[in-house]
Structure formats: structure tokens, C-alpha cells
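Visitor: Following this message is one structure expressed as C-alpha cells.
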Amino acid sequence: MALKNCERCGRTMETGQSSATVCPDCLMKDGIDLGKVTLYLRKNPLASVAQVCKDTGVPFSTVNRLIDKGTLKISNRPNSSICRFCGKPAKDSVCPSCREKLKDSGIIK
Ligand SMILES: [Zn+2]
Ligand SMILES: [Zn+2]
């Protein structure tokens, strides 16, 4: 049985045959957060991730993880050259200043 750490709470969990990256508790919390964010984005399609976190109370790290997993799509923007987090123009999906901030907080490497 393989063991790994839950990506959300860091608790050690048995992965068994599933490919889950979070424990069952967190999977439920992720679902709730995803619901909040999805609803928010439906009403505010142009909101940046920073705004989403502020208004929904969902942690930045969770939103980021859901985007990376492909569970959450912030695809309402036709132009992908906008920073995912602050909404400013960027060459990548994340602008350099947000990238720095995310690195500092250990959210991205
Ligand atoms: Zn967990
Ligand atoms: Zn940015």
C-alpha cells in the first residue's frame, strides 16, 4: 500500500489504487470550495484569482491546485496572456510579480 501526503492538509494517507492526491476529508472540502468558486465565476467571469479568493474565502493554494489539476477552469477569458492571479497582462499564465509572490509563499516552485 503506497503512502503519500494529502496535498491539502498534509496528512499521510494510504492511496490504495486511487489516484487521489487529497484525503477523503479534503476531497469533500475541495468540492465545496470548487462549488463556491464556480458559482462566483459564473457571476463574475472576469474576476482574477486574487478577487476570487478574497470574495469566496477559498484559500489561494486551493484555487491554484484546482486550476493545476484542471478541475477548475478559468477559461472565460479569451485572451490567455493575462495573469491568472491579478488579471494584469502577462506573457505567461502568471505574471512575474505574482510568480515571485507565489514562490515566496511556496505555492509554486
Ligand atoms: Zn487532507
Ligand atoms: Zn499577476
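The values are calculated or read from the model by the stated rules, or taken from the named source; none is laboratory data. Predicted, not measured: the structure shown is a model, and the values here were computed from it. Using ideal geometry, Cβ is built from the backbone for each residue, glycine included, and neighbour counts are taken over all protein chains shown.
Visitor: Where the second residue is among the acidic types (D, E) and the first is at pLDDT below 90 and lies in segment 1-16, which pairs have Cβ atoms under 9 Å and are six or more apart or on separate chains?
Guide: Sorted first by the residue in segment 1-16, then by its partner, the pairs are M1/E14; A2/E14; L3/E14; K4/E14.
Visitor: For segment 38-73, how many residues are over 14 Å from F85 (Cα atoms) and among the aliphatic types (A, V, I, L, M)?
Guide: The qualifying residues number 1.
Visitor: Moving to a separate point now. Take I32 and decide whether it is more than 16 Å from ligand 1 (Cβ to nearest atom) and β-branched (V, I, T).
Guide: Answer is no for this residue.
Visitor: If you check D25, D30, which single one turns out to be away from ligand 2 (no atom under 16 Å from the Cβ) and within 13 Å of the chain's Cα centre (by Cα)?
Guide: Matching residue, one of D25, D30: D30.
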